[in-house]
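What follows is a single structure, written as structure tokens, with notes after it.
The values are calculated or read from the model by the stated rules, or taken from the named source; none is laboratory data. Keep in mind that this is a model prediction, so the values were computed, not measured. Cβ: placed from backbone, ideal geometry, glycine included. Neighbour counts: every protein chain shown.
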Amino acid sequence: MRLGILFLFLGLLPLAAQNAQLAGMQQDLAELRNEVEKLKLENAELRSALNRQKAGQSPAASQGEALSKARAETLAEVDRRLKQQTDEVNAALAELTRQVNAALGKTGAAPATKSGKAPKAAAQAEAPAPPEEGAPSDVPRTGIKYHVKSGDTVIKIALRNGSKPEWILKANNLASPAALKADVDIFVPQPETAGR
């Protein structure tokens, strides 16, 4: 009996370590989001100042033109930094999603919320939607149903969900990435993992 409790305790240690690691990643992600928000505010302020400068500028004011050019360069640099920060946040989110999915695959069940129900994203990952019967054999038959939002691309959807653009195109009979439309549900094939 004591030996069984000891094995149970030892089995829960890696899960506790993963939870601590996930909590640390979530904190890092929150800090990155705050940094992105600060950069957005700075960007908006610089754009506003640039617009005020343009409105008050006379055609012969060469000094004003130089100042305006310097502000435009600063604004371009802020835009570049904002894009870089956004890319880093997206990469961190993708890694966190991969780790959570891997942890869910190892434990065999999605954690329940306070209401006793599994979270929506975990439910989608655990209950893959089957592709159409005529799907090519080189496309995985497991995956998730995904609701396409405005601004989504086949590449973004594939990166976020551990899939490949060509799989998504084949599984949904899309002639090209441009054929993807917003506000529709599609099937996102995902490779089967050994832990499931």
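Can you name every residue in the stretch 146-191 that is among the acidic types (Asp, Glu) and loosely packed, with under 12 Cβ neighbours inside 10 Å?
Restricting attention to the stretch 146-191, the residues satisfying the condition of being among the acidic types (Asp, Glu) are 152, 166, 183, 185.
Residues satisfying the conditions are 183, 185.
Against the definition (at pLDDT below 90, under 28 Å from the mean Cα position of the chain (by Cα) and either more than 30 Å from residue 96 (Cα to Cα) or part of a helix (DSSP H, G or I) (or both)), how does residue 84 come out, yes or no? Before you say what the answer is, go through the steps one by one.
Numbers: at pLDDT below 90: yes; under 28 Å from the mean Cα position of the chain (by Cα): yes; either more than 30 Å from residue 96 (Cα to Cα) or part of a helix (DSSP H, G or I) (or both): yes.
Spelling it out, residue 84 is indeed at pLDDT below 90, under 28 Å from the mean Cα position of the chain (by Cα) and either more than 30 Å from residue 96 (Cα to Cα) or part of a helix (DSSP H, G or I) (or both).
Given the structure, is residue 39 at pLDDT 90 or above, assigned to a helix (DSSP H, G or I), among the aliphatic types (A, V, I, L, M) and farther than 30 Å from residue 193 by Cα?
So residue 39 passes the test.
Count, please, the residues in the stretch 138-187 that happen to be among the hydrophobic types (A, V, I, L, M, F, W, C) and within 17 Å of residue 102 (Cβ to Cβ).
Quick first cut of the stretch 138-187, residues among the hydrophobic types (A, V, I, L, M, F, W, C) only: 139, 144, 148, 154-155, 157-159, 167-169, 171, 174-175, 178-180, 182, 184, 186-187.
In the following step, the residues that additionally are within 17 Å of residue 102 (Cβ to Cβ) were identified as 144, 159.
Residues that pass the stated criteria total 2.
Which ones in the stretch 166-196 are not in a loop (DSSP other than H, G, I, E, B) and not hydrophobic (A, V, I, L, M, F, W, C)? Outline the logic, then answer.
First, the residues of the stretch 166-196 that are not in a loop (DSSP other than H, G, I, E, B): 166-171, 177-179, 185-189.
Selection gives 166, 170, 177, 185, 189.
Out of curiosity, is residue 15 in a helix (DSSP H, G or I), assigned by TED's automatic domain parsing to the domain that holds residue 73, surrounded by 10 or more Cβ atoms within 10 Å (Cβ to Cβ) and modelled with pLDDT under 70? Break it down stepwise before answering.
Numbers: in a helix (DSSP H, G or I): yes; assigned by TED's automatic domain parsing to the domain that holds residue 73: yes; surrounded by 10 or more Cβ atoms within 10 Å (Cβ to Cβ): yes; modelled with pLDDT under 70: yes.
Yes; evaluated as a whole, the condition is true for this residue.
State yes or no: is residue 57 under 30 Å from residue 104 (Cα atoms), surrounded by 10 or more Cβ atoms within 10 Å (Cβ to Cβ), at pLDDT below 80 and assigned by TED's automatic domain parsing to the domain that holds residue 102? Before you say what the answer is, go through the steps one by one.
Numbers: under 30 Å from residue 104 (Cα atoms): no; surrounded by 10 or more Cβ atoms within 10 Å (Cβ to Cβ): yes; at pLDDT below 80: yes; assigned by TED's automatic domain parsing to the domain that holds residue 102: yes.
Taking the combined requirement at face value, the residue does not satisfy it.
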